[in-house]
Structures are given as C-alpha cells and as structure tokens.
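Student: I am attaching a structure below and will ask some questions about it afterwards.
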Amino acid sequence: MTCDTKSDFYPRDRSWHPKGLTPAYNSTVLRSPKRALLKMPTSLSETSGPVFGHNVLGEHDADMLRNAVVDGDPIGERIVVSGRVLDENSRPQPDVLIEAWQANAGGRYRHVRDGYLAPLDRNFSGYGRCLSDAQGNYTLRTIQPGPYPYPNNGPAWRPAHIHLSLFGASFAQRLVTQFYFEGDPLIRHCAIVNAVSDPAAVDRLVAKLDLDNAVPFDALAYRFDIVLRGRNKTPIDAGHG
Amino acid sequence: MNRRLKETPSQTAGPYVHIGLLPEAAGIEVKQHGISSSTRLGSGMPIIITGVVRDGAGEIVKDALLEIWQADGNGNFADGHRGFARCHTDFETGEFRFKTVKPGSVAWSDGSSQAPHITLMVFARGINMHLHTRIYFGDESDANASDPVLNAIADGRETLLAKPDTSSNNSYRFDVSLQGEAETVFFDI
C-alpha cells in the first residue's frame, strides 16, 4: 500500500540494510515488526530536520582522549578516525552532527547497565561528538575499543566497534550505525554484522587502516566514509549530473 | 555517468546507546549537550506525551531511545533544533515522557494539509534499523479524517493516535508496540 506521490528522497534499499527480523541476532525476534512497513512519500515533516551548530558541542567533544580525563591519559591504542560524509548523489554533507559511543580498550562500557568484568578506565567515557565541515569531513580521536562478550543465542562476542549516530539536513536522512576495524577476525562471526546480508554492504561498515593519516609516534589512523540518503533528482537535475 | 552511491547500512543502536545520545542517563557528566526530552518551540499549547514501548511478548522495553521532530503550534518548522527532543525509556519503569507543544498542521506534497502530528523514531537493542512512525492526536477527529497518511493505513490506524488523558489537562498517552496484536504502524518514508 502506498500513496502515489513522488518522494523527495530515494527510497531506502531495504535489502541492503539489515532486515528487521534476523533471528541469529536474538534480540530482533521480539523487537521486529511483523507488519510490512507502510511506504509513504516524504512531506515537510521528513524533508525538514533538526540543525545543530557548534553551540551544542563541548570543547573536547571530538577528542575522547581528553574529554573525560581525570588524572591521566586513557589506556589503550590511540587512534584517529576520519572520513567524509556524502549523500547518494556524491554531494558533501556539511554540518552533520556525528555522535559516537564505544567501549574502552578492555571492552567495557561506561554505562550504569554494563556489568562486564573488564575494568572501567577513569580517564575514558566513550562519549564523543563532532560536526562535519563544509566539505563533509569529520575527525574523531579516541582509543581503539576492545571486543566484548554479550548474551545472544548463547555467549557471543562483538568485534571491536564504534557506534555512530548521524543527522543530515533532513530527518529522512537519520542514520544510526556501527563501524568495525579492518582485519578483525570477529567481524565474520558477529550476528549483528551478519544481519547485513550483502558482503559489499558489510564491507562498507569496516573502517580501513589509514597509515597516511597516522600521527608519527602518537596515533594510528582509520578511515570511515559515510553515505546518507540523497535527494531524488528531478529530470532537470539529472541532466546536469 | 550518473552513478548513485549506496547508503551506509544501518546497525542497531544497542543497549548502551545512552552513552552517545543521552550521556547523563548512562552516568556520564558532560558540560554541554543541548539535547533533552523537551522541545523549545515558542508557539503552541504545552503538552506532555508519555508512554511505554512493548515487545512482541508484551514486555516493556527499558533500553529504548526515542526522538521526536515536529512543527510549532502554527505548523512552522523552527530554525535549529528547537523542534527536536530525545528521551530514553526509564530503566525501572520503562516510561518515556516528552514535553512539547501541540503542533499545527503541515502541508502535504499536493498542498493540502495534514493533521497535526509529530514524527517519532525508535531506537533500541534488537532494532536493526530505527523505526519511523508518527504521533497523531486522538482529539483531532476532523483533521485526522482527512489526513493522507492516516487514510493510507488499512489496518492499525488507531495505533498512531495519542489518547488525551482525561484526568489531566494537555497530557497524552502514546504507547508503542514493536510487534504483536497492537503493533504500531511503522513507515518506510
């Protein structure tokens, strides 16, 4: 069932994204809708969206090596994560609020509900934020997170990952995802990763080692580029493309 | 050649989503955040919307996070993020509570008007890609009757209607059901 009005955005490719129900990831079994999603065109309610400026950011939000320091540097491998935010039409996406969260080097989250036995790091919170610049570029500095166990269909392990939340200029572009690290042998065993069925799509969730951006004698670097939904080109626009 | 890029695939927000999106709920103090469970819209009647999120077994989901985006009382989208709010479901009770204003009507793509509504997105462990729905108002029968989105729903339209709380002024109840008999209608917009 659909309305026949044209949408301002390309429809989401629901076979590229993970399906709602992926039983190997047990938590989806009771939390995925059984009814088909109702396909609707966008209206101003979705083409508009919240806009965030530098006024929402704290001074060291983009630097997780510093933003929770109590009495020293956090423990772990120092890394720089950077990339570019584009839309599906390859247009740079400026002023995208990127919110990040992650476990510490031991795989422990600073969260009242995480009771994993690995220790907390008093100098690390795992909370970070930044805005993409005019060319869509972003950079975060942090610690390489550790893998950790979680209950799935029996005990399971998450590969090292960092969660990202993104706001484009339109609420229709809203995206929450996670990225992994090139070469991690746990990636192929992870039920949450494997909720994405296309290997090419999984590869898009893997940050690549970026030695050119490593800071000598300081921090390794990884590259993670992000693509948000793009506006449906009108026939006139397409002629210019 | 006009070759489209593919969108970055979604992944679940997971159980520790609060660290990144509502750090105080996780127990992390930040000096500057700017996002709360209240919108900051200048015009419109103040309202409170409370509810819970249930799973397919009827259990209350206590690790969900919800976001709303809406027009002000005149049907205009304010600058910045004043029409945006974010709330998690309480770790003990499972309840969420938004403070906002009742939105005015917003135009549909053909120029006709939509009934007052709030866009709602739901994130949680076990939700591989956020769920997108709308909160309409049960006391807007006339406007709802001609709303193009509500009228496209064959079954489950009532799941999108916030119920006015008869015991308190300007309060509404909106429960989300991820799966099951009262499953909320979710959109692919």
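None of the figures in this text is laboratory data; all of them are computed from the coordinates on show. In this text the structure is predicted, and so the values were computed from the model without any measurement. When we count neighbours, we look across all protein chains shown, and the Cβ atoms used for this are built from the backbone with ideal geometry, even at glycine.
Student: If you take the Cα Rg of region B:88-159 and divide it by 2.2 N^0.38 Å, with N the number of residues, what do you get?
Tutor: 1.29
Student: Could you list B:SER10, A:SER170 so that the one with the fewest beta carbons within 10 Å of its beta carbon is first and the one with the most is last?
Tutor: Ordered by Cβ neighbours within 10 Å, fewest first: A:SER170, B:SER10.
Student: Express the Stokes-Einstein translational diffusion coefficient of region A:50-112 in µm² s⁻¹, to the nearest whole number, given a Kirkwood radius over alpha-carbon pairs, 20 °C and a viscosity of 1.002 mPa s.
Tutor: Calculated translational D: 148 µm²/s.
Student: Can you order the peptides B:23-32, A:140-149 by their average number of other Cβ atoms within 10 Å per residue, highest first?
Tutor: Numbers: B:23-32: 15.3, A:140-149: 20.9.
Final packing ranking: A:140-149, B:23-32.
Student: Per DSSP helix of 4 or more residues, -39500 (n - 2.57); summed, then divided by the residues of chain B. What does that give at 222 nm, rounded to the nearest 500? All intermediate terms of the calculation are to be shown ahead of the outcome.
Tutor: On the way: 3 runs with 14 residues, N = 189.
It lands at -1500 deg cm²/dmol.
Student: Taking only the alpha-carbon atoms of region A:192-232, what semi-axes of the equivalent ellipsoid follow from 5 times the gyration tensor eigenvalues under a square root, in whole Å, largest first?
Tutor: Values: eigenvalues 147, 46, 10 Å².
Equivalent ellipsoid of region A:192-232: 27, 15, 7 Å, largest first.
Student: Under 19 Å from a label point 7 Å along Cα→Cβ of B:GLU181: give me every residue in region A:14-33 with its amide N that close.
Tutor: Within reach of a label on B:GLU181: A:30-33.
Student: What is the calculated FRET efficiency for B:ASP188 to B:LYS163, with r their C-beta to C-beta distance and R₀ = 22 Å, to the nearest 0.05?
Tutor: 0.30
Student: Something else about it: Under the definition of partner shielding as Cβ atoms of other protein chains within 10 Å of a residue Cβ, what is the mean value for peptide B:30-38?
Tutor: Neighbouring Cβ atoms belonging to other protein chains average 4 per residue here.
Student: For region A:1-144, just the Cα atoms, rotate onto the principal axes and tell me the three extents in Å, largest first.
Tutor: Ordered largest first, region A:1-144 gives principal extents of 60, 40, 23 Å.
Student: Among A:TRP16, A:LEU30, A:VAL56, whose Cα projects farthest towards the positive end of the dipole of region A:1-98, with charges put on the beta-carbon of Lys, Arg (+1) and Asp, Glu (-1)?
Tutor: Farthest towards the positive pole: A:LEU30.
Student: May I pose another question? Within a 10 angstrom radius of the beta carbon, how do B:THR159, A:THR139 rank from fewest other beta carbons to most?
Tutor: Placing the least packed residue first, the sequence is A:THR139, B:THR159.
Student: Taking each residue of A:50-62 in turn, how many C-beta atoms of other protein chains fall within 10 Å of its C-beta, and what is the average?
Tutor: On the way: counts 15, 7, 5, 3, 0, 3, 6, 3, 5, 2, 1, 4, 0.
Per residue, the average neighbour count from other chains is 4.
Student: As an exercise, identify the GluC sites (Glu not before Pro) in region B:101-189 lying in DSSP coil whose Cβ has no more than 15 other Cβ atoms within 10 Å.
Tutor: B:GLU181
Student: Could you work out the helix-only [θ] at 222 nm for chain A, with each DSSP H run of four or more residues adding -39,500 (n - 2.57) and the total divided by the number of residues, to the nearest 500 deg cm²/dmol? Intermediate results must be reported in sequence, preceding the final value.
Tutor: Working: 3 runs with 15 residues, N = 241.
One gets -1000 deg cm²/dmol as the mean residue ellipticity at 222 nm.
Student: Ok, one more. Between B:PHE98, B:PHE174, B:PHE77, where does the largest GNM mean-square fluctuation fall for chain B, given springs only between Cα atoms within less than 10 Å?
Tutor: It is B:PHE77.
Student: For a quick check, take a GNM of chain B with Cα springs below 10 Å and name the residue from B:ALA152, B:ALA71, B:ALA143 with the largest mean-square fluctuation.
Tutor: Maximum among the listed residues: B:ALA152.
Student: Normalised by the residues of chain A, what does the relative contact order come to in percent, with Cα pairs under 8 Å and at least six apart?
Tutor: Across chain A, relative contact order equals 25 percent.
Student: Another question about this same structure. Quick one: work out Rg over Rh on the C-alpha atoms of region A:62-209, Rh as Kirkwood radius.
Tutor: Numbers: Rg = 15.8 Å, Rh = 16.3 Å.
Here the Rg-to-Rh quotient is 0.97.
Student: With a Förster radius of 56 Å, plug the Cβ-Cβ distance of B:SER146 and A:ASP198 into 1/(1 + (r/R0)^6) and report the FRET value to the nearest 0.05.
Tutor: 0.85
Student: Further question on the same structure: Expressed as a rounded percentage, what relative contact order does region A:49-191 have, with Cα pairs under 8 Å and six or more residues apart?
Tutor: 29
Student: For the protein assembly as shown, with only Lys/Arg (+1) and Asp/Glu (-1) charged at the beta-carbon, what is the dipole magnitude about the Cα centre, in debye rounded to 20?
Tutor: Here the size comes out at about 460 debye.
Student: Return the Cα extents of region B:1-113 along principal axes one, two and three, sorted largest first, each rounded to a whole Å.
Tutor: 50, 43, 39
Student: Quick one: Debye curve from the C-alpha atoms of region A:143-193, no solvent, what's log10 I(q)/I(0) at q = 0.19, 0.30 Å⁻¹?
Tutor: Values, matching the q order: -0.70, -1.16.
Student: Which whole number gives the average, over all residues in B:167-176, of C-beta atoms from other chains lying within 10 Å of the residue C-beta? Each step should come with its number before you reach the end.
Tutor: Working: counts 0, 0, 0, 0, 0, 0, 0, 0, 0, 0.
Partner Cβ neighbours, averaged per residue: 0.
Student: Expected output is a single nm value to one decimal: the length gained when fully extending between A:ALA24 and A:THR139, i.e. 0.36 nm times separation in residues minus the C-alpha distance. What is it?
Tutor: Result: 38.1 nm gained on full extension.
Student: For all pairs of alpha-carbon atoms in the protein assembly as shown, what percent lies in each bin of width 10 Å, listed from the first bin to the last filled one?
Tutor: In whole percents, the pair-distance histogram is 4, 22, 33, 26, 12, 2, 0.
Student: Another question, then. Counting pairs of alpha carbon atoms under 8 Å apart in space and at least six apart in sequence, what relative contact order in percent does chain B give?
Tutor: Relative contact order for chain B comes out at 24 percent.
Student: Provide the descending list of Cα extents for region A:11-60 along its principal axes, expressed in whole angstroms.
Tutor: Its Cα atoms span 42, 32, 19 Å along the three principal axes.
Student: Follow-up question, since we're still on this one. Using 0.36 nm per residue, how much length does the chain from A:LEU117 to A:ARG223 gain when fully extended, once their Cα-Cα distance is taken away?
Tutor: Length gained, A:LEU117 through A:ARG223: 35.1 nm.
Student: Next question, about the same structure. Shape of region A:128-222 from its Cα gyration tensor (a ≥ b ≥ c, root eigenvalues): rounded if a/c is under 1.5, otherwise prolate when a/b > b/c, or oblate?
Tutor: Oblate.
Student: When the gyration tensor of chain B is built from Cα positions, what are the square roots of 5 times its three eigenvalues, in whole Å, from largest to smallest? Mind showing how you got there, number by number?
Tutor: Numbers: eigenvalues 122, 88, 77 Å².
Those come to 25, 21, 20 Å.
Student: Taking the alpha carbon gyration tensor of region B:1-57, what are the square roots of 5 times its eigenvalues, largest first, to the nearest whole Å?
Tutor: Semi-axes from the Cα gyration tensor: 29, 21, 19 Å.
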